[in-house]
1. Does residue 128 count as in the same structural domain as residue 337 (by TED's automatic domain parsing), surrounded by fewer than 14 Cβ atoms within 10 Å (Cβ to Cβ) and in contact with a strand residue (DSSP E or B) (Cβ under 8 Å, 6 or more places away or on another chain)?
2. Got a number for residues in the stretch 346-361 being surrounded by fewer than 17 Cβ atoms within 10 Å (Cβ to Cβ) and either in contact with a strand residue (DSSP E or B) (Cβ under 6 Å, 6 or more places away or on another chain) or assigned to a loop (DSSP other than H, G, I, E, B) (or both)?
3. Only one of 236, 206 is assigned by TED's automatic domain parsing to the domain that holds residue 377, surrounded by fewer than 16 Cβ atoms within 10 Å (Cβ to Cβ) and closer than 24 Å to residue 187 by Cβ. Can you tell me which?
4. So residue 371 ticks every box in (1) surrounded by 16 or more Cβ atoms within 10 Å (Cβ to Cβ); (2) in contact with a helix residue (DSSP H, G or I) (Cβ under 8 Å, 6 or more places away or on another chain) but one. Which box is left unticked?
5. Go through the stretch 263-312 and tell me which strands (runs of 3 or more DSSP E), entirely inside it, have 3 or more residues that are closer than 15 Å to residue 325 by Cβ and either more than 17 Å from the chain's Cα centre (by Cα) or assigned by TED's automatic domain parsing to the domain that holds residue 358 (or both).
6. Got a sec? Which of 360, 356 is farther than 30 Å from residue 23 by Cβ, in the same structural domain as residue 74 (by TED's automatic domain parsing) and in contact with a helix residue (DSSP H, G or I) (Cβ under 8 Å, 6 or more places away or on another chain)?
7. Does residue 186 fit the bill of being in a loop (DSSP other than H, G, I, E, B), within 25 Å of residue 366 (Cβ to Cβ), at pLDDT 95 or above and touching a strand residue (DSSP E or B) at 6+ places or on another chain (Cβ under 7 Å)?
């Protein structure tokens, strides 16, 4: 049920790769005045010198977000004009069906001018989650909850399954919104900084290796050294307890620093592939009604160029996340400037969509008293076998 997203793990040395220099030479004029509420309709006149085809690769020194937004709105208006003609020519079963089609079309025109209205005309939708429906919810720290979202207007985003919403622009930019299930720290993992967690992980790896290579001490092997047996058993059980409670919890602020991502370097990503990271940028945003962060990661690999926005907030031990990616094929003729323009055009709607999601009627999970404990078994093999049996009740 969980979605896999692009996650940068660690940097690789790279030289001679043919990747974009857009973010190396680009400079954004901080004093530029951007009108984010510009009125666009199907009759708008776009300056003929504005390239909206996406077929010209170039390095620029400034980004005119307002101009890019206008171009995106015009493309949407062009698509809607074709739909209007289709509505006029279509045959309907009754007048009500025709009227509904006209209403949806008029809403679509407003949304093309101002994508935030895809939220205004969206549909509030409560989703009831519980462990009867999805037993894996327990591992996220919940037994049940109601998650309320606003389903976007169908003219802007379509639900393409597996909690993924998609928008494809007329010039070929795909925008994906990916749901991430909330998580509650029901195991009471320690809150650490990134540096602390790295030292902690090194220590735990050492203990894990010791545990794998040593069986539980037996009294018959210490017949002449009872104190030695007690000390060995105590040490073994302390190591087992430490491994059983192995876990780290990052605050949203610590997570937003993304210290594991190195800009201008190749990175290994979650699926084992590699990607080149051009830029990381962090701003504050509201996520599930709580103050959080949006981390922008600009990257490309041998096949795609993309901007990923990762949202995260934390409240009372709960973590809320959401992921958005704007992407295009590298051989499409599109540029990062095109991606930036699409992101600017859609991001106000997406920010609002994520900010208004909420969880209610929460029933929290607790550590299962039947979860196997390492110290109760003679060796790792026996312990792992018991864990597999225990996990079956959640399948």
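1. When the stated conditions are applied, residue 128 passes them.
2. Summing the residues that are surrounded by fewer than 17 Cβ atoms within 10 Å (Cβ to Cβ) and either in contact with a strand residue (DSSP E or B) (Cβ under 6 Å, 6 or more places away or on another chain) or assigned to a loop (DSSP other than H, G, I, E, B) (or both) in the stretch 346-361 gives 4.
3. Of the residues listed, the single one that is assigned by TED's automatic domain parsing to the domain that holds residue 377, surrounded by fewer than 16 Cβ atoms within 10 Å (Cβ to Cβ) and closer than 24 Å to residue 187 by Cβ is 206.
4. (1)
5. 274-287, 290-300
6. The match here is 356.
7. Against the criterion (in a loop (DSSP other than H, G, I, E, B), within 25 Å of residue 366 (Cβ to Cβ), at pLDDT 95 or above and touching a strand residue (DSSP E or B) at 6+ places or on another chain (Cβ under 7 Å)), residue 186 qualifies.
So that you can scan it fast, the table gives a plain yes or no per residue for (1) touching a helix residue (DSSP H, G or I) at 6+ places or on another chain (Cβ under 6 Å); (2) in the same structural domain as residue 334 (by TED's automatic domain parsing); (3) in a helix (DSSP H, G or I); (4) in contact (Cβ under 8 Å) with a residue 12 or more places away in the chain:
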{"site": "110", "(1), (2), (3), (4)": "yes, yes, yes, no"}
{"site": "118", "(1), (2), (3), (4)": "yes, yes, yes, yes"}
{"site": "133", "(1), (2), (3), (4)": "no, yes, no, no"}
{"site": "139", "(1), (2), (3), (4)": "no, yes, yes, yes"}
{"site": "143", "(1), (2), (3), (4)": "no, yes, no, yes"}
{"site": "155", "(1), (2), (3), (4)": "yes, yes, no, yes"}
{"site": "167", "(1), (2), (3), (4)": "no, yes, no, yes"}
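The values are calculated or read from the model by the stated rules, or taken from the named source; none is laboratory data. Just so you know, these numbers come straight off a predicted model, no measurement behind them. We place every Cβ from the backbone using ideal geometry, glycine too, and count neighbours over all the protein chains shown.
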